[in-house]
Amino acid sequence: DDGAVSAAAMALILARGRRRDRFGQCLLLFDDLPPDLAGMLVHVVAAALRARLQGVYGPAEADIALAAAAQAVLAAHDPAKSMEAAVARLIDALIADDKLDALIVPAAHEGELAFLAQAAAARAGVSGSAAIDEYLSGDVQRVMQLLRMAAIPRDLAAGILAALGDLLGLDDPGRAIMLFDRLADHEVSQARAWLAAAPAYRAALSALESDNGD
């Protein structure tokens, strides 16, 4: 009964339809890739084509042509057309209409992990990719921290665990909900600050910790 919610939901349904092949299998479109991954993929393909092209045009001409082609492909990359963006627009519309909480547990029962991740991301002030990484980490503390920083009510958190605990690798819902209750506010704030940091920064810190700075 809300026009914005209805439009966002229909846009998401159509976007999902475009990501199915004739056999109903899921597809990933180029716009669905994060910009850094899209850039890496385009340049890997360009590098793979170089050997063939340089035999026809010469090395310098091949490099110029491939660089121009890669730039053209990347210029057409539009994250606003990604599935993540479509889900995020629906979440924003549901928040504005105060209807998000009512759909959290039903979404969990439907296995709508992307929806749940974007819902948590919007409420916690972190990116959708960071939220889904936490959900898929298999680490009960990380998942509970995400739910707490998203201000998910306790009954909804329990509903998510009941519906998706096995899928997320959380095989002890009782322990998980106890951890949810015991998390201190400063722990939740620290976790939010970490997830809100740039992915490259977090990756660099993790590399330094694991490799002793080498």
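Structure summary
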item: Among residues of the range 14-28, those that are within 18 Å of the chain's Cα centre (by Cα) and either aromatic (Phe, Trp, Tyr) or in a helix (DSSP H, G or I) (or both), counted; result: 2
item: Odd one out for ALA85, checked against (1) in contact (Cβ under 8 Å) with a residue 12 or more places away in the chain; (2) open to solvent by less than 40 Å² (accessible area, probe 1.4 Å); result: (1)
item: Condition broken by ARG148, with the remaining ones in (1) under 21 Å from ARG19 (Cβ atoms); (2) basic (Lys, Arg); (3) buried (at least 19 other Cβ atoms within 10 Å of the Cβ) satisfied; result: (1)
item: Of all residues in the range 157-177 being open to solvent by 30 Å² or more (accessible area, probe 1.4 Å) and within 19 Å of the chain's Cα centre (by Cα), the one that is nearest to LEU100 (Cα to Cα); result: LEU167
item: Options LEU33, LEU37: the member that is out of contact with any strand residue (DSSP E or B) (no Cβ under 9 Å at 6 or more places or on another chain), exposed (fewer than 14 other Cβ atoms within 10 Å of the Cβ) and of a type outside the set (D, E, K, R); result: LEU37
item: Looking only at the range 113-135, and only at residues there that are within 22 Å of ALA162 (Cβ to Cβ) and of a type outside the set (A, V, I, L, M, F, W, C), the one that is surrounded by the fewest Cβ atoms within 10 Å (Cβ to Cβ); result: ARG123
item: All helices (runs of 4 or more DSSP H) inside the range 29-131 with 2 or more residues being within 28 Å of LEU146 (Cα to Cα); result: 35-57, 83-96, 101-109, 113-124
item: Residue under evaluation ASP1, criteria (1) more than 21 Å from the chain's Cα centre (by Cα); (2) among the charged types (D, E, K, R); (3) open to solvent by less than 80 Å² (accessible area, probe 1.4 Å), criterion not met; result: (3)
item: Cross-chain or 6+ apart pairs with Cβ under 6 Å, the range 188-211 first and closer than 14 Å to VAL126 by Cβ and open to solvent by less than 60 Å² (accessible area, probe 1.4 Å), then modelled with pLDDT of 85 or more and outside any helix (DSSP H, G or I); result: LEU195/VAL126
item: Which numbered condition LEU27 misses (of (1) aliphatic (A, V, I, L, M); (2) modelled with pLDDT of 90 or more; (3) closer than 30 Å to ALA120 by Cβ; (4) open to solvent by 60 Å² or more (accessible area, probe 1.4 Å)); result: (2)
item: Test: residue in the range 9-16 that is open to solvent by 60 Å² or more (accessible area, probe 1.4 Å), at negative phi and of a type in the set (D, E, K, R); result: yes
item: Filter pass, VAL45 being among the aliphatic types (A, V, I, L, M) and surrounded by 13 or more Cβ atoms within 10 Å (Cβ to Cβ); result: yes
item: Residues of the range 69-81 satisfying the condition of being open to solvent by 60 Å² or more (accessible area, probe 1.4 Å) and not charged (D, E, K, R); result: GLN71, ALA72, VAL73, ALA75, ALA76
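The values are calculated or read from the model by the stated rules, or taken from the named source; none is laboratory data. The structure presented is a predicted model; accordingly, all values stated were derived computationally and were not measured. Positions of Cβ are backbone-derived with ideal geometry, glycine not excepted, and every protein chain shown enters the neighbour counts. For accessibility, only protein heavy atoms count, side chains too; no ligands or nucleic acids. Shrake-Rupley method; radii C 1.70, N 1.55, O 1.52, S 1.80 Å.
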